[in-house]
Amino acid sequence: MVAIVRVGALLGVFFLGSCSQNLNMSRVEATIQNDIERQGRRLSLKSVICPNRVQKQAEAYFRCVGQLPDGGEFTINVIQQDDQGTLSWDVPSSKVLINLAALEETIQDETQAAVGKRLAIDCRDTYRVSKRGDAFECDVVGPGTVAAGRVESVLVRVTGTGDLEWQEVVIGNVPGAGVAGAAGTPTPGAGQSGAIQASDPNVSDATAESGSPDGSPSGSPSGPDATVGLGAEEEEEEDGGDRQ
């Protein structure tokens with residue numbers, strides 16, 4: 001069975017306390033960039049670009065753009081939780097950046113639907129740069145015995161179109177339990193397979209902007225919140241909300 005789904009997003013929350021009526025956008029950019037790099041697998045961003053000036057306003061929405069060193073760009077959705085500088089942000093998976101926390105959830109759900117057992121999947125990190133033709137493994141944590149045998153891990157491949165395909169690596173599978181691999185040939189020791197279609201941001205989507213959202217940011221929290229306390233005592237001299 002092959003499932004085509006869209007992966008979700010990971011939510012981060014942080015606080016920027018100050019007396020200014022505007023957010024310190026330089027601090028917003030730096031905080032988001034540091035969090036994403038910290039949660040990624042050898043991930044280094046060229047920059048995070050947000051609107052130049054944003055007034056503090058509860059439930060107001062704006063969008064930032066993450067840039068990779070090779071020129072790839074991805075969207076970061078930001079919502080103000082209050083008018084005091086508490087922000088939440090999420091990074092929807094795209095064809096340039098994989099949200100591994102969302103991928104884990106998808107594989108777990110699809111495996112449970114296929115074999116009637118929910119396997120605990122660990123892809124080790126939260127974000128990973130998506131490179132076409134790349135392949136990596138996610139571990140199965142704890143007991144992974146199904147009818148076909150013991151699921152050792154899940155092999156994930158990035159297709160030529162930037163989508164994701166995955167297949168369980170089964171040890172000691174029963175005769176006839178294997179299914180076709182990515183190339184269409186029988187794969188020994190292979191179990192349930194699936195696929196994930198990543199969203200494809202275009203130029204208009206990858207633009208830093210502020211305003212009211214058309215709807216809630218796509219996806220929902222798929223992993224632990226990244227929380228950073230940035231109180232007023234840590235603030236540098238305010239510049240009225242502009243970048244330094």
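Condition check ((1) of a type in the set (S, T, N, Q); (2) at pLDDT 95 or above; (3) touching a helix residue (DSSP H, G or I) at 6+ places or on another chain (Cβ under 9 Å)) across all residues:
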| site | (1), (2), (3) |
| --- | --- |
| ALA102 | no, no, no |
| THR111 | yes, no, no |
| LYS117 | no, no, yes |
| SER130 | yes, no, no |
| ALA135 | no, yes, no |
| THR145 | yes, no, no |
| SER153 | yes, no, no |
| GLY162 | no, no, no |
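Yes or no, residue by residue, for (1) closer than 19 Å to SER26 by Cβ; (2) surrounded by fewer than 23 Cβ atoms within 10 Å (Cβ to Cβ); (3) without any contact (Cβ under 8 Å) to a residue 40 or more places away in the chain:
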| residue | (1), (2), (3) |
| --- | --- |
| LYS56 | yes, yes, yes |
| ALA60 | yes, yes, no |
| ARG63 | yes, yes, no |
| LEU68 | no, yes, no |
| GLU73 | no, yes, no |
| ASN77 | no, yes, no |
| GLN81 | no, yes, no |
| LYS95 | no, yes, no |
| ILE98 | no, no, no |
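Output the number of the condition that GLY162 fails; it satisfies all remaining conditions of (1) under 30 Å from GLU209 (Cα atoms); (2) buried (at least 20 other Cβ atoms within 10 Å of the Cβ); (3) among the small types (Gly, Ala, Ser).
(2)
Identify, by number, the condition in (1) over 29 Å from CYS50 (Cα atoms); (2) surrounded by fewer than 18 Cβ atoms within 10 Å (Cβ to Cβ) that THR106 doesn't meet.
So THR106 meets the others, but not (2).
In the list VAL13, VAL2, VAL7, which residue meets the criterion of being under 29 Å from GLU165 (Cα atoms), modelled with pLDDT under 90 and surrounded by 14 or more Cβ atoms within 10 Å (Cβ to Cβ)? Please lay out each step first, then the result.
On the way: VAL13 fails: under 29 Å from GLU165 (Cα atoms); VAL2 fails: surrounded by 14 or more Cβ atoms within 10 Å (Cβ to Cβ).
Selected residue: VAL7, the only one of VAL13, VAL2, VAL7 that is under 29 Å from GLU165 (Cα atoms), modelled with pLDDT under 90 and surrounded by 14 or more Cβ atoms within 10 Å (Cβ to Cβ).
Looking only at segment 116-141, which residues are of a type in the set (D, E, K, R) and part of a strand (DSSP E or B)? Write out each step before concluding.
Step one: list which residues in segment 116-141 are of a type in the set (D, E, K, R), which gives 117-118, 122, 124-125, 128, 131-132, 134, 137, 139.
Correct list: ASP122, ARG128, GLU137, ASP139.
The values are calculated or read from the model by the stated rules, or taken from the named source; none is laboratory data. Because the structure is predicted, anything quoted here is derived from the model rather than measured. Neighbour counts are summed over all protein chains in view; Cβ atoms, including those assigned to glycine, are modelled from backbone coordinates with ideal geometry.
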